[in-house]
1. Restricting attention to segment 1-81, which trypsin sites (Lys or Arg not before Pro) occupy a DSSP loop and are surrounded by at most 11 other Cβ atoms within 10 Å?
2. Taking amide H atoms as placed 1.01 Å from N in the peptide plane, list the residues 5 or more away in sequence, or in a different chain, whose amide H sits under 5 Å from that of Leu28.
3. Find, to one decimal place in angstroms, the Kirkwood hydrodynamic radius of segment 6-178, where the mean of 1/r is taken over every pair of different Cα atoms and then inverted.
4. In whole Hz, what ³J(HN,Hα) sequence does segment 68-82 give by Karplus (6.51, -1.76, 1.60; θ = phi - 60°), x for Gly and Pro?
5. Residues with amide H under 5 Å of Val86's amide H, sequence separation 5 or more or different chain, H placed in the peptide plane at 1.01 Å from N; which?
6. Apply the Karplus parameterisation 6.51 cos²θ - 1.76 cosθ + 1.60, with θ equal to phi minus 60°, to every residue of segment 155-164 and state each ³J(HN,Hα) to the nearest whole Hz, in sequence, with x for glycine and proline.
7. Search the structure for amide H atoms under 5 Å from the amide H of Leu62, placed 1.01 Å from N in the peptide plane, and list their residues when 5 or more places away or on another chain.
8. I need the phi-derived Karplus couplings for segment 90-97: 6.51 cos²θ - 1.76 cosθ + 1.60, θ = phi - 60°, integer Hz, Gly and Pro marked x.
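Derivation of every value follows stated rules applied to the coordinates shown; laboratory data play no part. Every value quoted in this text rests on a predicted model; they were computed, and no experiment measured them. All Cβ positions, even for glycine, are placed from backbone atoms using ideal geometry, and neighbour counts span all protein chains on display.
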Amino acid sequence: MYAPIPALNLLKEFEDSVDDYFAPEFELIAFGDDDGGYPQLSDRIRPFAQATGSGSTYAIWLRDDRADLATLPVLFLGDEGGVHVVARDLPELLRILASGWTPMGGWDGVDYADEGEETDGGEEAYDPSPANPAFRSWLRDRFGLEAAEDPNELVRAAGDELAEPFAAWIGPLIPDAVGGRGAA
């Protein structure tokens, strides 16, 4: 068993069945074995995936003590700084991943690049990934979910909905994280 979350165990099986990325630079990592670069948060987060090739990660935010960890919010822990709510729960993150858009974030916020946009390094940020069609099919078959039409809308909504509890929790630990929230 990879994680105490059935949906992540299914995702791990899917990831192991494909030979390439199914979402841009997304790759599962050892569940909860690392602090995502934020040791002060380690008791309330469970990192589970690489979000970008540069070291950003996704983590489950242990906001409360509910038993079903898949229903907890997902955070983006930026490799260049910034901690942001990106999804209200794991199924919502899977829809965002299936969209094929690339997360980009810093202290000011997190956003997903549109097709044709370029990153700071000049490369195109949108990358549907070779195994994305198989992932979309898997997501539909396993969970009855479709790729997000507008990932930015989902990220903004999650950030807005959880702004107060997120700021109350993270503010004392990482004051810079409260300045920006949700999608840029």
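1. Listed in order of number, the matching sites are Arg66.
2. Gln50
3. Final number for the Kirkwood radius of segment 6-178 is 16.1 Å.
4. The phi angles translate into 8, 5, 5, 8, 8, x, 10, 9, 9, 9, x, 6, 9, x, x Hz.
5. Val74, Leu75, Phe76
6. Listing the rounded values in order: 5, 4, 4, 5, x, 5, 4, 9, 4, 5 Hz.
7. Here the answer is Ile45, Arg46, since their amide H atoms fall under 5 Å of that of Leu62.
8. Ordered by residue, 3J(HN,Hα) equals 5, x, 5, 4, 4, 5, 5, 4 Hz.
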